[in-house]
Amino acid sequence: MSLNEDLKWRYAAKKMSGEVVPQEKVDYILEAARLAPSSSGLQPYRIFVITNKELLEKIKAFSFNQSQITDCSHLLVFAAWDGYTSDRMGEVFKQTLAERGLPENTMDDYHNMLWGSYEPLGTEWHQHHSAKQAYIAFGLAIAAAAEQKVDATPMEGFDAKQMDELLELDKKGLKSAVILPLGYRAQEGDWLVNLKKVRTAKDEFVTYIN
């Protein structure tokens, strides 16, 4: 099937069956997220994969009691950097140059230019920017899940502060951005499962400017 056909198949499952997603499918989805593009290749985000049932119950409690969180097979938590620093950027560039077999100072000018433009923008801008990068990976994870015929329900409905505290993300310099339960749709108990997918008409959605 083509990607577009896979995306027609997918929807935001409102109830999951509890069936376990094979690890090779989870790995495929995570690899798609890891390979996602990000601004300057910084990948200012990480993914936490949660299967512990007690932990999932705690997360459900501050996520509007959405059942997918405890009925899913794996919960992916996308967490973005809480801010950019010159050192953080430098570590990424150092790894990039090492893997490409290039001298350590090859990206010094670019590093200085980038940090010089980011630093004055402040922490709030940094956090929004890194979260937007996480969403790119998030979107590719959803597409990869559809390709694997795994249901994935995008969720912003959770208390980010409580999530950060529960996973101790502050100690890692991260803030939770968005979460993605992976699993399989329940044929019974999901009001959305058999409804037609509705999207904005193409001629309204797309504007060509020649």
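The values are calculated or read from the model by the stated rules, or taken from the named source; none is laboratory data. Just so it is clear, the model here is predicted, and its values are computed rather than measured. Note that we place each Cβ from the backbone using ideal geometry, even for glycine, and neighbour counts take in every protein chain shown.
Quick notes
- Residue count, segment 33-52 (criterion: assigned to a helix (DSSP H, G or I) and in contact with a Ser or Thr (Cβ under 7 Å, 6 or more places away or on another chain)): 1
Condition check ((1) surrounded by 15 or more Cβ atoms within 10 Å (Cβ to Cβ); (2) within 19 Å of Ile47 (Cβ to Cβ); (3) modelled with pLDDT under 95; (4) aromatic (Phe, Trp, Tyr)) across all residues:
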{"position": "Ile59", "(1), (2), (3), (4)": "yes, yes, no, no"}
{"position": "Ser63", "(1), (2), (3), (4)": "yes, yes, no, no"}
{"position": "Ala79", "(1), (2), (3), (4)": "yes, yes, no, no"}
{"position": "Gln95", "(1), (2), (3), (4)": "no, yes, no, no"}
{"position": "Ser117", "(1), (2), (3), (4)": "no, no, no, no"}
{"position": "Ala137", "(1), (2), (3), (4)": "yes, yes, no, no"}
{"position": "Ala143", "(1), (2), (3), (4)": "yes, yes, no, no"}
{"position": "Gln148", "(1), (2), (3), (4)": "yes, yes, no, no"}
{"position": "Lys161", "(1), (2), (3), (4)": "no, no, no, no"}
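- Residue that is farthest from Asp6 (Cα to Cα), among those in segment 180-193 that are assigned to a loop (DSSP other than H, G, I, E, B) and not charged (D, E, K, R): Gly189
- Output for segment 40-58, where each listed residue is more than 17 Å from Lys175 (Cβ to Cβ) and either more than 14 Å from the chain's Cα centre (by Cα) or among the hydroxyl-bearing types (Ser, Thr, Tyr) (or both): Ser40, Gly41, Thr51, Asn52, Lys53, Glu54, Leu55, Leu56, Glu57, Lys58
- Figure legend. Inter-residue proximity from segment 32-46: first residues in contact (Cβ under 8 Å) with a residue 60 or more places away in the chain and among the polar types (S, T, N, Q), second residues surrounded by 19 or more Cβ atoms within 10 Å (Cβ to Cβ) and assigned to a strand (DSSP E or B), beta-carbon distance below 8 Å, spacing 6+ or different chains. Indicated pairs: Ser38/Tyr45.
- Taken over segment 166-187, the criterion of being over 30 Å from Thr85 (Cβ atoms) and either without any contact (Cβ under 8 Å) to a residue 12 or more places away in the chain or of a type in the set (S, T, N, Q) (or both) is satisfied by Gln187 alone.
- Check on Lys149, closer than 30 Å to Lys14 by Cβ and free of Cβ contacts under 8 Å to residues at least 12 places away in the same chain: no
Residues are listed down the side, and each one gets a yes or a no for (1) surrounded by fewer than 18 Cβ atoms within 10 Å (Cβ to Cβ); (2) at pLDDT below 95; (3) assigned to a helix (DSSP H, G or I):
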| residue | (1), (2), (3) |
| --- | --- |
| Trp125 | yes, no, yes |
| Ser130 | no, no, yes |
| Gln133 | no, no, yes |
| Gly157 | yes, no, no |
| Lys175 | no, no, no |
| Val178 | no, no, no |
| Leu195 | yes, yes, no |
| Glu204 | yes, no, yes |
